[in-house]
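For reference, the structure is listed below as structure tokens.
Just so it is clear, none of the values below were taken in a lab; they were calculated from the coordinates. Since we're looking at a predicted model, the values are computed, not measured. All Cβ positions, even for glycine, are placed from backbone atoms using ideal geometry, and neighbour counts span all protein chains on display.
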Amino acid sequence: MTAHDDDLGSDDAALSSRKDTSVMPSLPRPVLFGAAYYHEYQPSPRLEEDLDLMQQAGFTVIRVGESTWSTWEPDDGVFDLDWLQPVLDGAHARGIAVVLGTPTYAVPPWLARKYPEIAAERRTGQRIGWGARQEMDLTHAAYRFHAERVIRAVVGRYHDHPAVIGFQVDNEPGLELLHNHGVFQAFVDDLRRTYGDVETLNREWGLVYWSHRLATWADLWTPDNNVQPQYDLAWRRFQARLTTEFIAWQAGIVREIAGPEKFVTTCIAYSRPALDDRGLMEDLDVTAGNPYYAMQDALEVPGVEGAPQGWATSGTWSVFQSADRMYSSRQEPFLVTETNAGSIGGPSMNFPAYDGQWRQVAWAMVARGARMIEYWHWHTLHYGHETYWIGVLPHDQRPGRVYEQLAQLGGELQAAADDVAGLVPDAAVGLLWSNASLWGLAGQPALADGAEPDADSYRHIVGAFYRGAFEAGAPVRILHDTQLSDDAEDLRDPAEVAAELPVLLVPGLYIASDHLLGWLRRYAEAGGHLVLGPRTGYADTGARARLEVKPALLAEAAGVSYQEFSNLGAPLAVRAADGGPELPAGCHATGWVDALQADGAAVLVRYEHPHHGRFPAVVQNAVGDGRITTVGTVPDPAFARALLEWAAPAGEDPWRGLAQGAVTVTSATTGDGRRLRVVHHWSWGTAGVVVPTAVRDVLSGTTTDAGGALELGAWDVRVLIEE
């Protein structure tokens, strides 16, 4: 497989959502495979050897150029642009495509020295010292001038090189919440345009509280010591819009030079605080993300409960959730621009993958919509902060176990190219994602982390429900709230979504408009099964607690209401009531209890506790042609799995029954309408499965009749096409 133009066509109609273009760029097809490559970091010249090794490993793409502004422009206005030419020429000669990055996230020292005022501030008046990356105020005119100049120089030099198939602008944007004076004044101006006058702001934000009423816009305090949740939510929204505007600005410059035929993207780290991935992607051509994850025993299924989730996630379920988050940003296939090669995270985090785990994760990503798998990075650095962020080649620069494992994967992707082109992942369950609720529950956390508020409450609530679906074998399609409703009208017909996704999980939807809550009710009335989780419908779009009975605007349809709620200091046992889901022993509620009162809804699950036992844990009510299930707690993994097995049964798909123990099954539809099944064994030892339909193994070419047995080894994966 090569990365020439005839291999990169796409029939993805969803790409037409990009604005103001007459010619659409194409997504990679078939799946691209490679790594970030920085020949400029190598301690000795070895370009030809590196590229030959890549070609032998089946690499079809590299990413270059995004981290070295001081190499492109070693001094103010002095450009050195020719050093990348041999890399691009050598890649093209071997059929390896190139994604070219703009270097704007890492400013050179001469720029920081000459223009110290471009430094970002994490607190008002306190500049971030130069010495890492992304330490700049991305709105500052001096920074923008120099950033545009280097973008135009780099893209102008290489945009028409035949190896270049697309551009990555910047890198993992949204790292800092900027407190610079100019940013704050722009925030005040934004509030003035939104609210018109201070009296309106006083009323909408409730600034009578603690004597915060403003007499003039000059009275608005800086965010450093702010504790008002309405302010905090507005500030987070504004910061995310700054990031979106910054990336769209860069994309516009690139398109002006390169034209619309090649894609433009940026790589997303989804945990960044100043990020709205849905908004960011509106002016780009394809989603690209950097999913990092814990390897070794952290990938065993079933996994442990309570593993930490941060910039690197933990648990096989979280790998699938990362893929589904990337798909959700544009509701279409995506690129993986960075993921684990060797150990990640630094000198004290050395957990390189077991044999087979790279294959497993890559095939999971492909099955969930990845059109590129690219590792960070090709060679391990011999200096710098990321010296022990291990690449495909180790420090001795000789191919070893990582290279051999990835070369096997590269061969598999070549063999399967025709069968995995244009995959669309299956979904049995929808899950509503809300960045506004993420920010709202960061400002007013519902859960606690020991004695401290858990600022990641939203992710932990949503993750519990996602994991339940994953372990129940019910594939998830994540939908953004802003993809369903714009607070005034429906962006998707609730009836169409109910037909497409008969179950919709809505946990932690703390921030919601009246219209969105009405959309959810209409979804259920149209025949959908709406599953509400804790904190849903509690606050309005300004983070104000609603006056309505909770869950607001859904209580009557759901047949349930509540006034009280309680945190849980320890897990609380639950038991099924008559007619409820079958719960195995050991199911628990965690973290939170809504004191539900059934007002016509049937009680499905109860708490086992002398006080909380008076309140049901789960209730259900029929409404229109559908039903609403209300879950008043954060279920532990066993409880969540049982709920989702009940809410989204396997039905007529016999393949879901194969998901037992450490075996999972992921399904997708190929570009030509065939059914793909990816079967994983996430553990040591072996596992046997009996296939319910005749299949062909796309990697080995062998066929198995319906009722035939397949054996999977330790950390194994099979990629099957139904015959």
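Please give the peptides 81-90, 46-55, 701-710 ranked by average Cβ packing (other Cβ atoms within 10 Å per residue), highest first, as a rough proxy for protection.
Highest to lowest by the protection proxy: 46-55, 81-90, 701-710.
What residues qualify as long-range amide H neighbours of His480, i.e. H under 5 Å apart, gap of 5 or more or another chain, H built at 1.01 Å from N?
The list, which skips near neighbours in sequence, is Trp433.
Could you tell me whether the chain comes out rounded, prolate or oblate from its Cα gyration tensor? Rule is a ≥ b ≥ c as square roots of the eigenvalues, rounded for a/c under 1.5, then prolate if a/b exceeds b/c, otherwise oblate.
oblate
If you take the square roots of the eigenvalues of the alpha-carbon gyration tensor of region 486-590 and sort them as a ≥ b ≥ c, do you get rounded (a/c under 1.5), prolate (a/b over b/c) or oblate?
oblate
Going by a ≥ b ≥ c, the root eigenvalues of the Cα gyration tensor, does region 232-299 fall in the rounded group (a/c under 1.5), the prolate group (a/b larger than b/c) or the oblate group?
oblate
Between Ala215 and Ala451, take the C-beta separation as r, use R0 = 45 Å, and let me know the FRET efficiency to the nearest 0.05.
For Ala215 and Ala451, the calculated efficiency is 0.70.
Give me the net charge for the shell around Asp636: Cβ to Cβ below 12 angstrom, other residues only, Lys and Arg +1, Asp and Glu -1.
Value of the local net charge: 0.
Net charge within 10 Å of His460 by Cβ-Cβ distance, Lys/Arg positive one each and Asp/Glu negative one each, not counting His460 itself?
Taking every other residue near His460 into account, the sum is -2.
Can you tell me what share of the DSSP beta bridges in the chain is antiparallel? A percent to the nearest 5 is fine.
Taking every DSSP beta bridge with both residues in the chain, the antiparallel ones total about 55 percent.
Could you tell me how many cubic angstrom of Cα convex hull volume region 26-168 has per residue?
Dividing the Cα hull volume of region 26-168 by its residues yields 132 Å³.
Would you grab the residues whose amide H sits under 5 Å from the one on Tyr293? Only those 5+ places off in sequence or on another chain, please, with H modelled 1.01 Å from N.
The answer is Thr313, Asn340.
Taking only DSSP H segments of four or more residues, each worth -39500 (n - 2.57), what value at 222 nm results for the chain once the sum is divided by all its residues, to the nearest 500 deg cm²/dmol?
When only DSSP H runs of four or more count, the value is -8500 deg cm²/dmol.
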